[in-house]
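The values are calculated or read from the model by the stated rules, or taken from the named source; none is laboratory data. As the structure is a computational prediction, the values presented were derived from the model and not from experiment. As a convention, Cβ positions derive from the backbone with ideal geometry for all residues, glycine included, and neighbour counts pool all protein chains shown. Quick note on the areas: whole protein, heavy atoms, side chains included, nothing else; ligands and nucleic acids left out. Shrake-Rupley method; radii C 1.70, N 1.55, O 1.52, S 1.80 Å.
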Amino acid sequence: MARSKQMELSAPLDLSHHFSLTTVRRESSNLKRLYKYYTPGMGNLSGGMPHASYFPYDTLEAAVARPQRFDPSNDNGESAPEKDTDSPARVVVPKESKTNDMEKKIDITTALQYGTAQGLPPMASFVRNFTRQHLHPNVPYAGGPETLLSCGATDGFNKVIETFTNTWSPDRDSIRQREGILCEEFVYMNAIQTARPRGLNIAAVAIDVQGMLAYGKGGLADVLENWDYRKGRLPHLLYTITIGQNPTGGTMSVHRRKEIYALCQRYDIIIVEDDPYWNLQYPSAQRMAARRRSTRIDEFLTTKNYNAHGKSSGYPFLDSLVPSFMSVDTDGRVIRLDTFSKTIAPGCRLGWITAQPAFIERITRLTETSTQFPSGFVQAMVSGMILGQQGDDDVRGPKSKSQSGWQMDGWVRWLEGLRGAYERRMQAMCITLDAGKYLIKGDGSEPSESSEESGWEVIDKVQMYDFTWPMAGMFVWIKVLFNTHPLYEKYSPEVLSKALWVHLTQEPFLCLMVPGDLFAPSQKALDQAWQYFRLCFAPMPDKEVAVITNRLVDGFRAFWQRKNLDGLDDTEELSQKFRNLQVEGVGNMMGIGC
C-alpha cells in the first residue's frame, strides 16, 4: 500500500522562477566537479591538497556521553531525576581508516582534507538517512527531499536568502522590484537582520498561542489580500519557527500548517521553516496547565501518532512529535533548516538544509564558492560519536564496544532524553511562575486595612503577569499587566517596563530577561513590545531554575509595592546595561545565542 501511494505522488513543482538573478547565473565549481572521480589508490595530480602526513594531528579523541544519560519524559508529567550512571564512551578518530568505503571512512586524512560541498560522506549520509527515513518519512512528493550540510541554521538561512532574493536599493531600483519576506509579528531577529540589509520588505503577521495566524485580523490571509503595493511586490518568502517559536514558545498544529500552506500555494510563496527545537516538544505542558488553571486542552496539539496515516519513523518518540511543514509539502515549496546546536552544542556550527532536489542543487553551488563544507574537526567528532569506527579495525586494534558509536537507536534515545531534561526545566519555571503571578495584598506580606469591629481583613488579589505554558522550545513569553501597577496612572507603560527591567537586575533579585522590543520586526510590534519579556530556562544549572525563577517572582512583587521609580527612571541604555550585567551571580534568563 505504501509503495502504491509513493508511485502516485507527483514530482515537486518547478519553482525556479523564485531564484535570484545571481543564483540563475551561478555555475557549479569546475574544480569541485573533479573530486567525484577520485577514489582511494588513484594518483591524484589534480588538486592543491596538502599531504595528510603534514597534518599535526595523529588522532582526535574525546570522552562522550552514553545516549541514556538523561531520562525521557514521564507520561504523567512528573519530574524525574537526571542520571549518568554509566562511564562515558570514547570517540577515537584515527589518522587513517583502513576501510575503502567512503560512507564509512571517518578519519583525519579525509575529514581535514579539502572535499566537496556535500561534506564528509559518513556525516552527510547519516543526515540524509535520518531526515528521509525517520524525521520526515512521509513527504508527499515523488522522490522525496534532499539534504545539504550547513554551518548551522544561521548559515543555512543566509544561503537561502542569497539563493532566493535580489538586493534592492531605493536609490537605484523601482519600488515594483522590491521583494519581501513574511514573518511572525514577534520573531527571532537574527533572521530579519540577515534579510533587511538586502532591502527586503519585512511583513509581520499576527500570532496567537500556536504561532502565525492563517486567518483573522492581521493573519496571513488578511496581510496578503490587503497587500500595499506601494511598499513593494507581494512577498515570495515566509520565514517561521513553528515548534517552540522564538520568542513566544508557540507550537503550530498540523491543522494550522495546512491552512498556511494552502495560502502559500495560492500566492506562490516559499516557506522557510527554521526548526531548532523540533525534538523539544513537551506533552506535559497542556496537561499541567489545564490542571492548574482549569483550562481546556487543545485537541489539535495532543500527543498522537502523527505518522499513523503512512510510513512510521521507526520510533514511537519521533512518531509522537508534531511534524514539519515537510509533511504537507505536495509542491516542494518548503525549505527546512536544522541544526545540531540544540542537540549537541552551538559551537559545533553544524546543521543541514532539507528541500526539493532542485533547490538543494542551487544552494550547493553557492556552498562550493562560499563556506564549502562545515569544519572537518566537527564532522569527524560528531559522526564518530554517532556512527563509530565502521571499518574492520582502527589504528588502535580491534574495535571496542565504546567505539561502536550510538547508531540511529542511540541518537534517537539521546534526543528523547534531551526532551525529558528540558521538559523538567520548563515545568520548574512554569510551576513557579504560575504560583507567583498574583500579588496578594493582605496575606501578611505587606500592611493592609482591616476592620476591628468585624474582624474581617480586606484581601486584594492583583495579577502582575500572564503567560502560556510552552509546548516546546526553551522559552516562556511573559505578558506583564502594567495596568494593575499602582503607578500606572503616574507613568507611561513604556517607562514602567524599562523600570521593571532595571529593577529586576538589581540586588537581591539579579535576574536578566530579554525585553520584547528586541524581537519586534515592525513598528506596530514595537509599539506594543513594552508589555512582553522573554525568559529562557536553558542557560542556568537545572537545580537553579526554580531558585532563579523564585527570585524573579520576588522581584515582581517588590516592584508592584514600589511607591515611586526613584533610581530606575533615569538609567543607562539597555545595550549598556546588558554589557554591564554579564557578571557572576546574575540569573541569566536571556538565552542570548538562541
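Our Cα-only numbers for segment 175-254 put the radius of gyration and Dmax at 12.5, 36 Å. Working note: Cα atoms of segment 56-195, range along each principal axis, descending, whole Å: 63, 49, 37. Measuring spread by the Cα atoms of segment 335-387 yields a radius of gyration and Dmax of 12.2, 31 Å. The angle between the Cα long axis of helix 376-387 and the main principal axis of the chain comes to about 90°, on a 0 to 90 degree scale. Residues whose amide H comes within less than 5 Å of that of V514, counting only those at least five positions distant or on another chain, are R534 (H built at 1.01 Å from N in the peptide plane). On the basis of the beta-carbon distance and an R0 of 41 Å, S169 and L9 show a calculated FRET efficiency of 0.45. Counting charges near V254 (Lys, Arg +1; Asp, Glu -1) among other residues having Cβ under 15 Å from its Cβ returns a value of -3.
Counting pairs of Cα atoms in segment 252-308, how many percent are more than 13 Å apart?
72
For the chain, the per residue solvent-accessible surface stands at 45 Å², with DNA, RNA and ligands left out and a 1.4 Å probe. Using θ = phi - 60° in the Karplus curve 6.51 cos²θ - 1.76 cosθ + 1.60, the 3J(HN,Hα) couplings for segment 197-202 round to x, 7, x, 5, 7, 8 Hz; x is entered for Gly and Pro.
Listed peptides 528-538, 480-490, 283-293 appear in the order 528-538, 283-293, 480-490 once ranked by packing, highest mean of other Cβ atoms within 10 Å at the front. The convex hull built on the alpha-carbon positions of the chain has an orientation-averaged projected area of 32.5 nm².
Label positions at K231 and V24, each projected 7 Å from the Cα along the C-beta direction, are separated by 2.7 nm. Helix 153-164 and the long axis of the chain differ in direction by around 70°, with both axes built from C-alpha atoms. Taking every pair of alpha-carbon atoms in segment 99-387, give the share separated by more than 23 Å as a whole percent. Of all Cα-Cα distances in segment 99-387, 57 percent exceed 23 Å.
Of the accessible area of the chain, with the probe set at 1.4 angstrom, what percent is carbon plus sulfur?
50
Near the amide H of G332, within less than 5 Å, lie the amide hydrogens of L13, all on another chain or at least 5 residues away, with H placed in the peptide plane. One decimal place: the segment K490-D268 gains 74.9 nm when fully extended, by the rule 0.36 nm per residue minus the C-alpha distance.
A cut-off under 11 angstrom between Cβ atoms defines the neighbours of Y282, and their net charge, with Lys, Arg +1 and Asp, Glu -1, is +3.
Taking the DSSP bridge list for the chain and keeping only pairs wholly inside it, about 65 percent are antiparallel.
Extension gain, Q68 to N550, is 170.4 nm, computed as 0.36 nm per intervening residue step minus the present C-alpha separation. Taking 0.36 nm per residue of separation and subtracting the Cα-Cα distance, full extension of the segment from Q113 to Y438 would add 111.0 nm.
DSSP bridge analysis restricted to segment 99-387 gives an antiparallel fraction near 40%, rounded to the nearest 5. Sorting M326, M42 on solvent-accessible area from highest to lowest, probe radius 1.4 Å, gives M42, M326. Residue-wise HN-Hα couplings along segment 553-563, as the Karplus relation 6.51 cos²θ - 1.76 cosθ + 1.60 with θ = phi - 60° gives them from phi, are 4, 4, x, 4, 4, 5, 5, 6, 9, 5, 8 Hz; Gly and Pro carry x.
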